[in-house]
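These notes are about the structure you will find just below.
The values are calculated or read from the model by the stated rules, or taken from the named source; none is laboratory data. Everything quoted here is computed from the prediction, not taken from an experiment. FYI the Cβ positions are ideal-geometry reconstructions off the backbone, even for glycines, and counts take in every protein chain you see.
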């Protein structure tokens, strides 16, 4: 298998070349194109209960598409929003992915949901994250570019909840206020995520919530 990401960071497209017998799993609707030698199967990966957990709790599609090469061929995938794609190589470690950022993975990567705890109740990312682990390649997507940050042991960092993409499971996190209540309510930042290393954290340079907050007032009013 060979893969490349082109047209970064605004309109990224992942090109994945499969040898005979190789396959990838992708979020429903992620496929842009594929060779005629590629077979696609749609299923609730891990069974109905696992599919329901990802859909209802993790914010992802109930179904996962599997693309398998009967002969050598190519699959291209892209996110729904204009933005970036990054390939993460998993060698047994776990990566937590925010809802909407999972794009595709090789067969050796297991995708399930993880309880975020009560601390994430007010976060726009919800109560659950996707937990990806195993051996293989994981493709995550973003709105805007993806910016990785490496944190040392005990090193703190603060990020707006709308800019989360993914982070190593070794990274501790907690959702809180950006400052006092006045800053939280009037400063435009709302709630933030306080993260602490060690591990790598991936953030997106744009927030869908901020874009919608700008767009909605521009829409024509009825009457």
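Evaluate the following for residue 61: is it assigned to a loop (DSSP other than H, G, I, E, B), within 24 Å of residue 133 (Cβ to Cβ), touching a helix residue (DSSP H, G or I) at 6+ places or on another chain (Cβ under 8 Å) and at pLDDT below 95?
When the stated conditions are applied, residue 61 passes them.
Taking interchain pairs and intrachain pairs at least six residues apart, which have beta carbon atoms under 9 angstrom, with the first residue in the stretch 32-51 and on the phi > 0 side of the Ramachandran plot and the second modelled with pLDDT under 95 and part of a loop (DSSP other than H, G, I, E, B)?
Final answer for the pair search is none.
I'm trying to understand the selection: among the residues of the stretch 28-58, which are modelled with pLDDT of 75 or more and closer than 26 Å to residue 142 by Cβ?
If the condition is that a residue be modelled with pLDDT of 75 or more and closer than 26 Å to residue 142 by Cβ, then 28, 29, 30, 31, 32, 33, 34, 38, 40, 42 are the ones that fit.
Is there a residue being outside any strand (DSSP E or B), in contact with a strand residue (DSSP E or B) (Cβ under 9 Å, 6 or more places away or on another chain), more than 15 Å from residue 199 (Cα to Cα) and modelled with pLDDT of 85 or more anywhere in the stretch 132-144?
Among the residues of the stretch 132-144, at least one is outside any strand (DSSP E or B), in contact with a strand residue (DSSP E or B) (Cβ under 9 Å, 6 or more places away or on another chain), more than 15 Å from residue 199 (Cα to Cα) and modelled with pLDDT of 85 or more, which makes the answer yes.
Could you please let me know if residue 156 is loosely packed, with under 15 Cβ neighbours inside 10 Å, touching a strand residue (DSSP E or B) at 6+ places or on another chain (Cβ under 8 Å), within 30 Å of residue 10 (Cβ to Cβ) and modelled with pLDDT of 90 or more?
no
Identify, please: which residue in the stretch 91-107 is touching a strand residue (DSSP E or B) at 6+ places or on another chain (Cβ under 6 Å) and part of a strand (DSSP E or B) and is, among those, surrounded by the fewest Cβ atoms within 10 Å (Cβ to Cβ)?
Filtering the stretch 91-107 for residues that are touching a strand residue (DSSP E or B) at 6+ places or on another chain (Cβ under 6 Å) and part of a strand (DSSP E or B), the one surrounded by the fewest Cβ atoms within 10 Å (Cβ to Cβ) comes out as 96.
Do we have residue 81 as at pLDDT below 95, assigned to a strand (DSSP E or B) and within 23 Å of residue 42 (Cβ to Cβ) here?
For residue 81, the condition - at pLDDT below 95, assigned to a strand (DSSP E or B) and within 23 Å of residue 42 (Cβ to Cβ) - is not met.
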